[in-house]
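Remarks on the structure that follows.
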Amino acid sequence: METIFSKIIEGSIPSNKVFENERILAFHDIAPAAPVHVLIIPKKFIASMNEVTPEDLPLIAEIHSVAQQLAIQLGIAESGYRLINNSGPDGGQTVPHLHYHLLGGAKLGALTG
Ligand code: 5GP
C-alpha cells in the first residue's frame, strides 16, 4: 500500500534520515512533539501493530535495537525517552504504515487518554 512513508522509503519524498539499513529507516518527524522526535519504520509494509506476524518479530526486535542506539546517538539515553506505537483510530494512528515514535530531550507529560 502506498503511503507517505512508502514514498519516504523510496525517496520520492525527502526526509531527514538518522538511520537506514536494508530493513529499517529512521528519520526526524516533520512536526516534532518534543526536542527529539524520530520515526522508526520497517521498510516492509505492515499497516499497523495488528498486522505484525510471528515472522516479523525479529524485525520488531531490531527496531528496538535501533531505538536504543538512536537514543545514545541523539543524546537522550541518560535523560530518558519514550518509544511509542500508535495503532488504529483510537490510538491516534494517522499514517497506515507501522511506525514507532522515539521522543525525548525534555520532561515528557504523563500519558493520559
Ligand atoms: P501517527 O499519528 O500515525 O502515530 O504518526 C505519524 C507521524 O508522521 C506524525 O507525527 C507526523 O508528524 C509524521 N509525518 C506525517 N507526514 C510526514 C512527512 O511527510 N515527513 C515526516 N518526516 N513526518 C511526517
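The values are calculated or read from the model by the stated rules, or taken from the named source; none is laboratory data. Since the model is a prediction, treat every value here as computed from it, not as a measurement. Neighbour counts are summed over all protein chains in view; Cβ atoms, including those assigned to glycine, are modelled from backbone coordinates with ideal geometry.
Among residues of the stretch 78-112 being in contact with a Phe, Trp or Tyr (Cβ under 7 Å, 6 or more places away or on another chain) and more than 8 Å from the ligand (Cβ to nearest atom), the one that is nearest to Val18 (Cα to Cα) is Leu102.
Based on what the data block shows, is Ser65 exposed (fewer than 12 other Cβ atoms within 10 Å of the Cβ), modelled with pLDDT of 95 or more, over 25 Å from Glu2 (Cβ atoms) and of a type in the set (S, T, N, Q)?
Yes; evaluated as a whole, the condition is true for this residue.
The set of residues from the stretch 1-32 being more than 6 Å from the ligand (Cβ to nearest atom), touching a residue at least 60 places away in the same chain (Cβ under 8 Å) and in contact with a strand residue (DSSP E or B) (Cβ under 7 Å, 6 or more places away or on another chain) comprises Phe5, Ala26.
Residues that are in contact with a strand residue (DSSP E or B) (Cβ under 8 Å, 6 or more places away or on another chain), of a type in the set (S, T, N, Q) and not in a loop (DSSP other than H, G, I, E, B) occur in the stretch 67-82; there is at least one.
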